[in-house]
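First up is the structure itself, then whatever we jot down about it.
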Amino acid sequence: MANASSSADMLASGQYSPERKLLRNSKFTATIILLVVTGLLSLLFSEQILTGWLAFGERANISRRELNLIELLLAAGGIVWGLLSLYTAWGFLRHPATPSMEDYLGGRVSLRSPGVLFTTALIGLLFAVSIFLIEQVLTGWLPLGERANISRRDINTIEWVVVGLGVLGALLNGRTLIFLLRRDRRAWAWAQWVSLLTVLLMMMALFSGGIDIYSVVPPGGTALDNIPGVLELVALPLILVLSAISTYRYLTLAVDLSADQSIRNRLAKSPGAGAIIGLAALLIGFSLASSLFLEPRAIASALSTNVTNGIVAIGITLLMISGEFDLSVGSIFGASALIFILAMTEGVFGLPPMNAVIAALLSLVFAGFLGFINGVLLIRTGIPSFIVTLGTLLAYRAIPLVLIPEGRIIRYADYGIPDPFIDFSPFLLIALLVMGGLALAYYAIRQLPTMWGGVRRRIVTYRETTAPFRDVAIVTSALWSAVVTAAIAGLALFIFSGIADLLSRTDEMLRISFFDLANGRIESLPIFGRLTADINLRTGVFWWFLLVIVFQFILTQMRYGGFTFAVGGNAGAARAQGISVSRVKITNFIICAVLCGVAGITFVSRVGSVNANLGDGLELEVIAASVIGGVLLTGGYGSIVGALLGVLIFGLLRTGLVLVGMDPRVFFGVQGIIIIVAVVINTAVRRVRT
Amino acid sequence: MRKIARVLAAGLLAAGAVSVGVGVAGAQDDALTFAMVSHGGVSNPFWIVVIKGMEDACTLLDANCQWLSEPDYGLEQMAGYWDDALALNPAGVGTTVPDAEVIRSGVERAAELDIPVIVFNTADPGAGTDSALPTLFYIGANEFTGGISNAQRVFAEAAAAGTSVTRGVCTIQEQGHSGLEARCAGVESVFDEMGVPIDRLNITNNPEETAGILSDYFAANADTNAIFMLGPAPSSGLNLYLQESGREAGSLFATSHDTSAEIYQMIQDGYLLQTIDQQPYLQGFQTIMWLYLNSQFEMAPGGDIFTGPGVIDGSNVAAIIDLTAGGYR
């Protein structure tokens, strides 16, 4: 900022400050290329409309002799936008040093200078699009949600949400536009935010259009054989994405550090920020692409299918935060699932067949022992955990290969034993509920005053703060506090009603199958009522979420969590603080392995069979999920909630790809690309830390 | 009881190995010697049945036979086992051909020595071309016709039930596996002929994941009423999906490949119409028998011998279960 005051002199004298040299580096060349591509794409888009290849509006107009109003508007817009992009690119090329936003806001250049004009035009365009969107939905031209709603008399919930978002977009862009025109300094940060949001939103639209591309490609041909079809799906979002990226890059030139950092700081606060963005992108993209996606059936199925991955991912995340890997999780999962089922049916370690609860405990102890071996091998030998657990990955796999004769599939049903029922007193449940209630009360007393106090402080100090987003901050923090409060109130209500219900029938013993308890189908939920037969939600999902909450609490609120971060972030410093690095690492290996055991129990409870290769390849899936969820491979950074989001992204991705009927040959390819994109977003928002 | 059986089996194997060793040492008697070289061995239940077929044939012929392979799986090692096979001075050699080049030198030396060679289980990919190995013929299953058999059964059952197949799906658990792709290709050839659409679907060997994928697939494609599974683990996933979704046994025409206790039960419960068995016992037994007939009497069949598709369905599943216990299936 110190240079800013002297910029005008330099401009006058033809000198370039070091700051201004930035404009000619490789980053800037990329921006110019982006702009040229945007321009050419826009012109191609208009050309296709004008020649009648690409139809919009009333489709009945087959003859294509005349263009309708929407097409004329789009074609004209495309031409203007294409020329503007090319003009801006040319402007950047022509000037050895392009005036930055700083120069404009400081009043040294006019609105006509290349980057400034493009930024202003983009914000104006977004404002117009928002208004157009609202108008189209309200007049019923753009039906959303249930397509059957032909009469268009009323507007459904989804449409109201879209209208709401449209109003928000119009306000945001309109306000930014006014700031820009008035040369208000706040415009800089606002424009950055707007272009970032546009990139993300349009990426989602691009994604939902992109996964449909193969449906317009003629058989045996390529995307080039049906350019209008492909353009119709992706051109508009692609043009907006490229424009917004160019704008964002332009705005980070001659950086106003306060604006750039405030965005990144905000995003970097949470390790799961990238995952949240990715999950939102998937949810929006797939629900645009398939009406079956955002349905209770699909969500329940995705959750139930990913209980195993989800529980194992908790452990591996904890371990990775403390700086170590465990590649043997798949083998531990398979081996402990086998021990569990054998303990109930044939007996293991020379013991007779036993009660399911004892069998479960035995398999957990066994899993913990395997994890203990991993940890001790690591500490005693000093070999990297990648190698140690690669070895145990193979070694532990021998357990099922030896114990299962001739590669059979061990099935509980083959032994003709009835399901393991357990009886317990209602007082046990009441005690559990009371404990849950106490934990909830503790959390509420600890957190709620802080949260609402924060909101109050923001309101009181509103006039003194200079942050560019003070009003947004008040609204979001108040909303978030309200959501948390409501959730706590709902849980408290659930606990009270549960206790009241149980107290009314204390004289009977409760009887439940162990399998149903661990991972049975949930038939009704407190608020949603009875679940229809096609909704397959399992109790395992409940245990998974409970474990996420417990371990997130341990990680963020308890001393042990702090030790874990310290050990992973800087083992030497942790040791100097008196933390036993080895003990923390071994404990985390054991926790990770025990959680694999828990996953094994839920798996057997649902599927009822174990084969020798169970869990093969699990390790890569859960490590990928953790990394998507924001864990650093180097340790010291991450969150359990992030791991939950990572697993959800993985699971919903597969569900979504099946629902849209993705060609199986490109299935893995799409999965891989999306994982990389998710991690790239993560790294981008985290860059400010390093 | 099972433990005793296991100990007995291990003992028998050891005894067999010792007696074969003794037999090789004293190979100067009149008995013929045959060798079988393979890419898979005793740790896989499939190969145990093939080996039993070989041993039964050799007992009948009073011949010395040796199975040469890694215990689990080994492709490159086959070249070494071929050297061992020729060192036995055999009357004939059976071999699998997962990779022709690995064993080419051995097979060509056998041809120079006038030792007959029969390919079993895995056919020579270059058969019928200039690069074909100098072997007699192939004894094994045809995956493509297995797929055809399953698809034809589905259409026949649908016609018998008075409905029609509206859409099919072939699930594949290991993409790019040539045997599995051939099974799906067989199914698809029938569907293309009938003009009925058929999808392919990626699943996994994990029944829980497979059940989730199937649930999603059927939500998006409610008109699909025929499904083709390619193995025991995928069928396990189908079973889980059917149990949890509560679908009626007759609402989905389903078939599988290969065998397992769960597949037999699904056939008995009416969830599977049939499963394709490649009859591994025949691959061991017939290879020895034809090596004997060819080496002694210069006999040969008119072409390749297919041991599959053998069909297991409701009509023979009970008998098959007994035979499985006996080690023949």
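The values are calculated or read from the model by the stated rules, or taken from the named source; none is laboratory data. Given the structure is predicted, the values throughout are model-derived calculations rather than measurements. Counting neighbours? That spans all protein chains shown, and the Cβs are built from the backbone with ideal geometry, glycine included. Areas reflect the complete protein model, heavy atoms only, side chains present, ligands, DNA and RNA absent. Shrake-Rupley method; radii C 1.70, N 1.55, O 1.52, S 1.80 Å.
Quick look at the numbers
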{"item": "Shielding by partners, peptide B:198-207 (average Cβ within 10 angstrom, other chains)", "result": "5"}
{"item": "Sequence of A:L242, A:L294 from largest to smallest accessible area, 1.4 Å probe", "result": "A:L294, A:L242"}
{"item": "Accessible solvent surface per residue of segment A:426-508, calculated while the other protein chains remain in place, 1.4 angstrom probe, Å²", "result": "68 Å²"}
{"item": "For B:A254, distant residues with modelled amide H under 5 Å away", "result": "B:I227, B:L273"}
{"item": "Per-residue ³J(HN,Hα) for segment A:553-558, Karplus 6.51 cos²θ - 1.76 cosθ + 1.60, θ = phi - 60°, Hz, x for Gly and Pro", "result": "5, 4, 5, 9, 10, 9"}
{"item": "Which of B:K52, A:K585 is most accessible, then next, and so on - probe 1.4 Å", "result": "B:K52, A:K585"}
{"item": "Accessible solvent surface per residue of segment A:90-132, calculated while the other protein chains remain in place, 1.4 angstrom probe, Å²", "result": "39 Å²"}
{"item": "Extended-chain gain in nm, criterion 0.36 nm per residue less alpha-carbon gap, B:Q296 and B:Q77", "result": "75.8 nm"}
{"item": "Peptide ranges A:190-202, A:418-430, B:279-291, A:662-674 listed from the most packed, as the mean C-beta count within 10 angstrom indicates", "result": "B:279-291, A:190-202, A:662-674, A:418-430"}
{"item": "Inter-site label distance for A:L429 and A:L351 at 7 Å from Cα along Cβ, in nm", "result": "2.8 nm"}
{"item": "Other-chain or far-sequence residues with amide H under 5 Å of A:S639's (modelled H)", "result": "A:V631"}
{"item": "Calculated from backbone phi, Karplus (6.51, -1.76, 1.60) coupling profile of segment B:51-67 in Hz, x at Gly/Pro", "result": "5, 5, x, 4, 5, 4, 5, 5, 4, 4, 8, 6, 10, 8, 10, 9, 8"}
{"item": "Summed buried accessible surface, chains B and A, 1.4 Å probe, nearest 100 Å²", "result": "2600 Å²"}
{"item": "Karplus (6.51, -1.76, 1.60) ³J(HN,Hα), θ = phi - 60°, over segment A:282-295, in Hz, Gly and Pro reported as x", "result": "4, 4, 5, x, 6, 6, 6, 7, 9, 6, 8, 6, 8, 10"}
{"item": "Protein accessible area in the protein assembly as shown, 1.4 Å probe - carbon and sulfur %", "result": "65 percent"}
{"item": "Chymotrypsin sites (Phe, Trp or Tyr not before Pro) restricted to segment A:304-362 and DSSP loop, no more than 13 other C-beta within 10 Å", "result": "A:F349"}
{"item": "Cα-based helix-to-principal-axis angle, B:100-112 vs chain B, degrees rounded to 10", "result": "40 degrees"}
{"item": "Efficiency of FRET between A:Q557 and A:V402 - r from beta-carbon atoms, R0 45 angstrom, step 0.05", "result": "0.55"}
{"item": "Sequence-distant residues sharing a close amide H with B:R200 (under 5 Å, placed H)", "result": "B:C170"}
{"item": "Full-stretch length increase - B:Q175, B:F46 - with 0.36 nm per residue and alpha-carbon distance subtracted", "result": "44.3 nm"}
{"item": "Extension gain (nm, one decimal) between A:L448 and A:I673, 0.36 nm per residue minus Cα-Cα", "result": "77.0 nm"}
{"item": "Relative contact order of chain B, defined on C-alpha pairs under 8 angstrom at six or more residues apart (%)", "result": "19 percent"}
{"item": "Accessible area of segment A:265-338 divided out per residue, in Å², using a probe of 1.4 angstrom", "result": "24 Å²"}
{"item": "Peptide-level mean, for A:608-615, of C-beta atoms on other protein chains within 10 Å", "result": "4"}
